[in-house]
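> Structure incoming, see below.
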Amino acid sequence: MIKSYQINVIGRVQGVGFRWYTKQAADKHHIVGWVKNELDGSVTIAAQGDAENMAVFLHDIATGPGFYSQVDGVTKKLIATFNANNFAIR
């Protein structure tokens with residue numbers, strides 16, 4: 001079953017390679033969509049993939065890329081499916 005989410009990540013997630021890390025995790029878990037920085041310092045992700053892959057992807061996002069980043073919170077909401085062939089950094 002395909003799941004599509006809008007995900008908001010707060011914490012120290014800008015200037016620490018978080019978008020690149022998100023793209024790597026998405027590619028690894030066959031997730032399509034995009035990631036972008038927001039003016040408030042958060043990161044927004046639109047992600048779509050099968051439920052099992054999405055669960056692992058969400059775990060990776062909540063963990064973050066490591067030493068310099070810090071994920072303080074992740075919120076997600078179901079959204080309508082969308083057309084995408086890859087995962088992009090915006």
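Computed from the coordinates by the stated procedures, all read-outs in this text should not be read as laboratory data. The structure displayed is predicted, hence computed values, not measured ones. When we count neighbours, we look across all protein chains shown, and the Cβ atoms used for this are built from the backbone with ideal geometry, even at glycine.
> Using helices alone, what [θ] at 222 nm do you get for the chain, with -39,500 (n - 2.57) per DSSP H run of 4 or more residues, divided over all residues and rounded to the nearest 500?
So the helix-based figure for the chain works out to -8500 deg cm²/dmol.
> Output the antiparallel fraction of DSSP beta bridges having both residues in the chain, as a percent to the nearest 5.
So the antiparallel bridges in the chain amount to around 90 percent.
> Give the residue from Ala84, Ile2, Val71 lying farthest towards the positive end of the charge dipole for the chain; charges sit on Cβ (+1 for Lys and Arg, -1 for Asp and Glu) and the dipole is referred to the Cα centre.
Checking the options against the dipole of the chain, the answer is Ala84.
> Another question, then. Apply 1/(1 + (r/R0)^6) to the Cβ-Cβ distance of Asn86 and Ala51, taking R0 = 25 Å, and write down the FRET efficiency to the nearest 0.05.
The value I calculate is 0.80.
> Considering the chain as a Gaussian network with a 10 Å cut-off on Cα pairs, which listed residue, Lys36, Lys76, Lys28, attains the greatest mean-square fluctuation?
Lys28
> Add +1 for every Lys or Arg and -1 for every Asp or Glu among the other residues with Cβ under 15 Å from the Cβ of Gly49, and state the total.
0
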